[in-house]
Amino acid sequence: MNTLSIRNLHASIGDKPILRGLNLDIPQGEVHAIMGKNGSGKSTLAKVMAGHPDYTVTSGDVLLNGQSILGMEPDVRARLGLFLAFQYPMEIPGVTIANFIRAAVQARLPEGEELEATEYYAKLYAKMDELSIPRAFTSRSVNEGFSGGEKKRCEVLQMAMLQPRYAVLDETDSGLDIDALKVVSSGVNALRGPEVGMLVITHYQRLLDYIVPDKVHVMAEGEIVLSGDKDLALKLEAEGYDWVTAKN
Amino acid sequence: MNTETKPDINIDRSVGDFRYDVDYAFDAGVGLTEKTIDYICDVKGDPDWVRKFRKEGYKKFLEKPMPTHWASKDLENIVFENIRYYLSQGQVPKRSWDDVPEDVKRTFERLGIPEQERKFLAGVEAQFDSEAAYSNIKEAVGKQGVIFVGSTEGLQKHPEIFKKWFGKVIPSGDNKFSALNSAVFSGGSFIYIPPGVKVSHPLQAYFRINAQNFGQFERTLIIADEGSEVTYMEGCTAPKFETATLHSAVVELVALKGAKIQYITVQNWSSNVFNLVTKRGLAHEDAEIKWIDCNIGSRLTMKYPGVVMKGRRARGEVISIALAGDGQHQDTGAKMVHAADETTSNIISKSISLGTGRSTYRGMVHIPKHLKKCKNNTECDALLINANSRTDTYPAITVRGQGHSVQHEASVSQINAEQIFYMQQRGLSEAAAMSLAVNGFVNDLVQQFPMEYSVELKRLIDLEMEGSVG
């Protein structure tokens, strides 16, 4: 039951169908990777799960530990334990990282309960140290003027602070140099454990050298067309995506 | 309607939206004629020069047309003959809260004024309709020679300072509403800071309208003598009535050589109040006047705090935040008149329009030809929340001569759906996400408010945003 299940999911933007009957099960404790060409629908899948208002689900379901989350507001899904690390994190001028994460942590507490400030900051600083994020970052506005690497590290910091049950990482490697990739990956690996299921969306195999997945799925035209273990990623890297298409 | 209100009642969006019944000993009745003015003069025991000043103001008020050729047509909905111009329980403000009549005291207690006074203020004046019910300063501040009294007491007991500056910064004929205020003014503060005295804590005035169909016309005059410093804060509320209420104040500031005045307003009138206020300061050599102005409430606010920089190196500043909710129009801005060399002015204005709210920025900067090395910086940023929200900007910058430096920046932005989605994905409700984004937009300005006010401001913005999303 402790699974994020995607069942025969169809979704479109406007009149254009993008997901066409996608099935996938991610049990807590496992890390799955989705690979696929640009335009295969990978990022759409992430956004549809999180409840982005631009997409319409036409049929199918997404179940978080057995509970359907479609039709819920994005914030309700988030509070149930679904986290999305964005490919392009948004800037929020004037709102500091410390206040933003604090508001998000506070939103998870029962009504009337106040977050204890000293505890919060102690935890925040510890997580920042793990991700090599300088302290001065806490007073900077969320993502404003950040480099690509800083934005991605900030996403992982939020994930670490919010401790989701299921995390979807959308192209977390894009725009990272090799050093930043190592820092971000070790941050993600530190969060792996029996309590969390992860879905790592990536275009390149490179990321999977650092975040080693339990399973790899290949996506094409809005469906999972091939699944396998971590070696599938290497095979794809060597043969290219056309190998999958030809094989089908 | 005597409402027995328990203190733990679930207070509505607007903290000030409540009303206790009060008996008024003095009531000038409805409408405005010379007789009304004579009544006010008699009740207050005004000296002859004040009676004359009032009557001249009244004449100018009648002569001047409504400024609807440039301002909102909504002004035409003010029915002057339906307004009550003077209501009070008595003219002598109490020095102790214990002496304030119970029916008035509980209003201020509910608004938290005595508590704030104990915590962080150097002095408080609390005005209830036409007159101050309470006025006091901390002993230590009084010993420094600081005068902080109501305008009536000011003109009666300190005529030598009062008369010298009263009506000089803002002549009664400045505009139709300054003329009206000159005719019927009552309440407001008179403050004098002796040379070199730096008042470490803020002085505060709190204005409360309690009666229906009432017009509040306070008059404030602050004189900071050479090298002195003072911060003055004002807050205001009224219950929400079915009929329109008028608040039309005149505030004059005089900063003598090297003095500094900071004037902070948090305006949270209920949405039936026409708030038409004239505020201006005169800055002498090396003096500094800073207006920090926040407008959240009212139906229509028209207010353009100004600084006349009369002495060399004088500085003027207006920091302004406006939040125009459904059905509200915040028409605010600043006036900077450079009248000496090397004077510097700075205007930063941020407005937020939500629902059918409209915010207007009007700025006037004037630098004449004969001056040298004057500087002005103007920034105005508008944030629109809904598709039907509106903002307008009317900057009028006149710079003549050479060697001046003038900079103007304006922006209009919207909170985009992707930002809201991002914040919602982190677990914040749509309303909380909106609040956070709006607070972020004004954050740099809010930090200029004293701590207690910035917390209050954030809370007010949260309340406004809660109602703005479906």
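Is it the case that B:Val100 is closer than 20 Å to B:Phe26 by Cβ, of a type in the set (A, V, I, L, M) and open to solvent by less than 30 Å² (accessible area, probe 1.4 Å)?
Numbers: closer than 20 Å to B:Phe26 by Cβ: yes; of a type in the set (A, V, I, L, M): yes; open to solvent by less than 30 Å² (accessible area, probe 1.4 Å): yes.
Taking the combined requirement at face value, the residue satisfies it.
I'd like to check something: does the stretch A:148-156 contain any residue that is open to solvent by 20 Å² or more (accessible area, probe 1.4 Å) and closer than 30 Å to A:Asn2 by Cα? I'd like the intermediate steps shown before the answer.
If we filter the stretch A:148-156 for residues that are open to solvent by 20 Å² or more (accessible area, probe 1.4 Å), which is where we start, we get A:148, A:150-151, A:153.
Okay, now just the ones that are also closer than 30 Å to A:Asn2 by Cα, so A:153.
For the stretch A:148-156, residues open to solvent by 20 Å² or more (accessible area, probe 1.4 Å) and closer than 30 Å to A:Asn2 by Cα: present.
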Enumeration of residues in the stretch B:41-61 that are modelled with pLDDT of 95 or more, assigned to a helix (DSSP H, G or I) and surrounded by 13 or more Cβ atoms within 10 Å (Cβ to Cβ) | B:Cys41, B:Val50, B:Arg51, B:Phe53, B:Arg54, B:Lys55, B:Glu56, B:Gly57, B:Tyr58, B:Lys59, B:Lys60, B:Phe61
Under the condition of being of a type in the set (Gly, Ala, Ser) and away from chain B (no Cβ under 11 Å), which residue from the stretch A:40-65 is surrounded by the most Cβ atoms within 10 Å (Cβ to Cβ)?
-> A:Gly41
Pairs where the first residue, in the stretch B:190-218, is open to solvent by 20 Å² or more (accessible area, probe 1.4 Å) and modelled with pLDDT of 95 or more and the second is part of a strand (DSSP E or B) and among the β-branched types (Val, Ile, Thr), C-beta under 7 Å, 6+ apart = B:Tyr192/B:Ile147; B:Tyr192/B:Ile223
Considering only the stretch B:354-390, state which residues are modelled with pLDDT under 95 and among the hydroxyl-bearing types (Ser, Thr, Tyr).
-> B:Thr356, B:Ser389
Scan the stretch B:403-422 residue by residue and report those that are within 12 Å of chain A (Cβ to nearest Cβ) and aliphatic (A, V, I, L, M).
-> B:Ile415, B:Ala417, B:Ile420
Quick check: anything in the stretch B:331-345 among the β-branched types (Val, Ile, Thr), surrounded by 24 or more Cβ atoms within 10 Å (Cβ to Cβ) and over 29 Å from B:Leu75 (Cα atoms)?
-> yes
How do the strands (runs of 3 or more DSSP E) wholly within the stretch A:30-87 filter down when requiring 1 or more residues that are among the charged types (D, E, K, R): which remain?
-> A:55-64
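One residue is enough: does the stretch B:443-451 have a residue meeting the conditions within 7 Å of chain A (Cβ to nearest Cβ), free of Cβ contacts under 8 Å to residues at least 12 places away in the same chain and within 30 Å of the chain's Cα centre (by Cα)?
yes
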Looking at the stretch A:132-147, which of the residues that are among the β-branched types (Val, Ile, Thr) and outside any helix (DSSP H, G or I) is surrounded by the fewest Cβ atoms within 10 Å (Cβ to Cβ)?
-> A:Ile133
Could you list all residues from the stretch B:413-431 that are assigned to a helix (DSSP H, G or I) and either open to solvent by less than 10 Å² (accessible area, probe 1.4 Å) or in contact (Cβ under 8 Å) with a residue 12 or more places away in the chain (or both)?
-> B:Gln419, B:Ile420, B:Phe421, B:Tyr422, B:Met423, B:Gln425, B:Glu430, B:Ala431
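Just wondering, is there one or more residues in the stretch A:168-180 that are of a type in the set (S, T, N, Q), surrounded by 16 or more Cβ atoms within 10 Å (Cβ to Cβ) and in a loop (DSSP other than H, G, I, E, B)?
Our first condition is that a residue be of a type in the set (S, T, N, Q); within the stretch A:168-180, this holds for A:172, A:174.
Now restrict to residues that are surrounded by 16 or more Cβ atoms within 10 Å (Cβ to Cβ): A:172.
Adding the requirement that they be in a loop (DSSP other than H, G, I, E, B) leaves A:172.
Within the stretch A:168-180, one or more residues are of a type in the set (S, T, N, Q), surrounded by 16 or more Cβ atoms within 10 Å (Cβ to Cβ) and in a loop (DSSP other than H, G, I, E, B).
Results for (1) within 14 Å of another protein chain (Cβ to nearest Cβ); (2) touching a Ser or Thr at 6+ places or on another chain (Cβ under 6 Å); (3) open to solvent by less than 70 Å² (accessible area, probe 1.4 Å), shown as yes or no for each residue.
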{"position": "A:Asp75", "(1), (2), (3)": "yes, yes, yes"}
{"position": "A:Gly81", "(1), (2), (3)": "yes, no, yes"}
{"position": "A:Pro93", "(1), (2), (3)": "yes, yes, yes"}
{"position": "A:Val105", "(1), (2), (3)": "yes, no, yes"}
{"position": "A:Glu113", "(1), (2), (3)": "no, no, no"}
{"position": "A:Tyr121", "(1), (2), (3)": "no, no, yes"}
{"position": "A:Lys127", "(1), (2), (3)": "no, no, yes"}
Scanning the stretch B:131-171 residue by residue, the ones that are open to solvent by 10 Å² or more (accessible area, probe 1.4 Å) and part of a helix (DSSP H, G or I) total 15
For the stretch B:413-470, what are the residues that are modelled with pLDDT under 90 and among the charged types (D, E, K, R)?
-> B:Asp444, B:Glu452, B:Glu456, B:Lys458, B:Arg459, B:Asp462, B:Glu464, B:Glu466
Within the stretch A:196-234, which residues are assigned to a strand (DSSP E or B), of a type outside the set (A, V, I, L, M, F, W, C) and either closer than 19 Å to A:Leu4 by Cβ or touching a residue at least 40 places away in the same chain (Cβ under 8 Å) (or both)?
-> A:Gly197, A:Thr202, A:Lys215, A:His217, A:Glu223, A:Ser227
Could you list, in sequence order, the residues of the stretch B:248-264 that are touching a strand residue (DSSP E or B) at 6+ places or on another chain (Cβ under 8 Å) and either assigned to a loop (DSSP other than H, G, I, E, B) or surrounded by fewer than 24 Cβ atoms within 10 Å (Cβ to Cβ) (or both)?
-> B:Ser248, B:Ala249, B:Glu252, B:Leu256, B:Ala259, B:Lys260, B:Gln262, B:Tyr263, B:Ile264
Out of all the residues in the stretch B:103-130, which are under 21 Å from the mean Cα position of the chain (by Cα), under 18 Å from B:Ala211 (Cα atoms) and open to solvent by less than 10 Å² (accessible area, probe 1.4 Å)?
-> B:Thr107, B:Phe108, B:Ala126, B:Gln127, B:Asp129, B:Ser130
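The values are calculated or read from the model by the stated rules, or taken from the named source; none is laboratory data. Nothing here was measured: the structure is a model prediction, and the numbers come from that model. FYI the Cβ positions are ideal-geometry reconstructions off the backbone, even for glycines, and counts take in every protein chain you see. Each accessible area value is taken on the protein alone, full model and side chains, heavy atoms only, with ligands, DNA and RNA left out. Shrake-Rupley method; radii C 1.70, N 1.55, O 1.52, S 1.80 Å.
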